[in-house]
Amino acid sequence: MRAPGIVHHGTRRRRAAYRRAVWSGAEVLVTVGVVLLLLVVHQVWWTNRQAQHNAERKVQALEREWGTPAPGSGDASAGPGTGKNGEGKSAEGKGGAGGGGRSAGRLSSSGAGRAGADSGRTRPRWSQAYAVLGIPRLSLRVPVAEGVSKPDVLNKGYVGHYKGTQQPGQAGNFALAGHRNTHGEPFRYLPRLRRGDTITVETRTAVYTYTVDRTLPQTSPRDGGVIRPVPRSTVRPSYGYSEPGYYITLTTCTPEYTSRYRMVVWGKLTAMRPR
C-alpha cells in the first residue's frame, strides 16, 4: 500500500512545470500590457507633441519666408476690414455669409477673384506647405499642405488640401482635411465652431477671410459631394448648397478616436486683403 503523505517525484515535477508555465504566462501578459501601454502613449501623446511642434515651426518658417508678421489673435486675425464679432467686409461693402450686404460672389468681382487667380497660378508641389489656416475660436494656426496623404501631410500635424478642389480665394470650393485625434489633431475641436465664426487662410499674396455658414455633423467617408465646387452631401442632400460661390470646406473624422464617419464645416468667403 502507498504510505499517506508521500509525494512521488513525478507529481512534484508536474507541479513545478505547472508553476513555471503559469509564471511564464504571467510574464508574457505583463510584457504585452506594457508594450500596448507604450504604444498608446506614443500614439496619443508623443505623436501629438511631435506633430504640433513640427506644425508650429512650419508656420513660423512660412511667416519668415513671406516677410510679414502673423496677425493678432481674436478679431484681428480676420484681417483689416472686419467688423465686430468677426464679420467680414469687402471693399464694396458688407459681405457676411447670408447677410443683407454684398455677397461673397459680389466680392469676387473686386479683389477676391484676382487674388484667387494669383494663388492658383503656380500649383503647390505635392505635400508642400504653402498657406496658414487660422481659426480664432479654436486658437488654431496650422500649415496647409497640398494633398491629404497621411504620412506626407496629415501625420505631420498639417491640414491637407484636397487635390482637384480650388485654391484659396478662387470661385468654387477650397476643401481641407485634418486629423481629429493624434498626430497634432488640428481639427479636434471642430465641433465647437458656430455659424458666424471666422476662418482665415494666409498665402504669400493675400489673406482670405471665410465665415462659417453650415455644419454637417456626420456623413459617410465616401461622400464626395461635400468637396465638389458647389458642395452638397450625396448621402444627406438636405445639407449643402445649390448655387456657385466661394466656399471653404473643413472635414475630419467623427466620432472621436474613430474614422467611421466624417464631419463637415462649410464657410463662405467674406473678405480678402493683399499682403
Inter-residue pairs, beta-carbon under 6 Å, first exposed (fewer than 10 other Cβ atoms within 10 Å of the Cβ) and in the stretch 8-31, second polar (S, T, N, Q), 6+ apart: none
Select from the stretch 48-77 the residues that are farther than 17 Å from residue 135 by Cβ and modelled with pLDDT under 80 and write down the one among them that is surrounded by the fewest Cβ atoms within 10 Å (Cβ to Cβ). 69
Residue that is surrounded by fewer than 19 Cβ atoms within 10 Å (Cβ to Cβ) and modelled with pLDDT of 95 or more, where the choices are 137, 141: 137
Report yes if some residue within the stretch 105-128 is at pLDDT below 95, basic (Lys, Arg), within 16 Å of residue 247 (Cα to Cα) and surrounded by 19 or more Cβ atoms within 10 Å (Cβ to Cβ); otherwise report no. no
Sole exception among (1) farther than 17 Å from residue 248 by Cβ; (2) surrounded by 18 or more Cβ atoms within 10 Å (Cβ to Cβ) for residue 151, by number: (2)
I'm trying to understand the selection: among the residues of the stretch 154-165, which are closer than 20 Å to residue 246 by Cβ and surrounded by fewer than 22 Cβ atoms within 10 Å (Cβ to Cβ)? 162, 163, 164, 165
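The values are calculated or read from the model by the stated rules, or taken from the named source; none is laboratory data. Here the structure is a predicted model, which is why all the values come from computation and not from measurement. All Cβ positions, glycine included, derive from the backbone under ideal geometry; neighbour counts span all protein chains shown.
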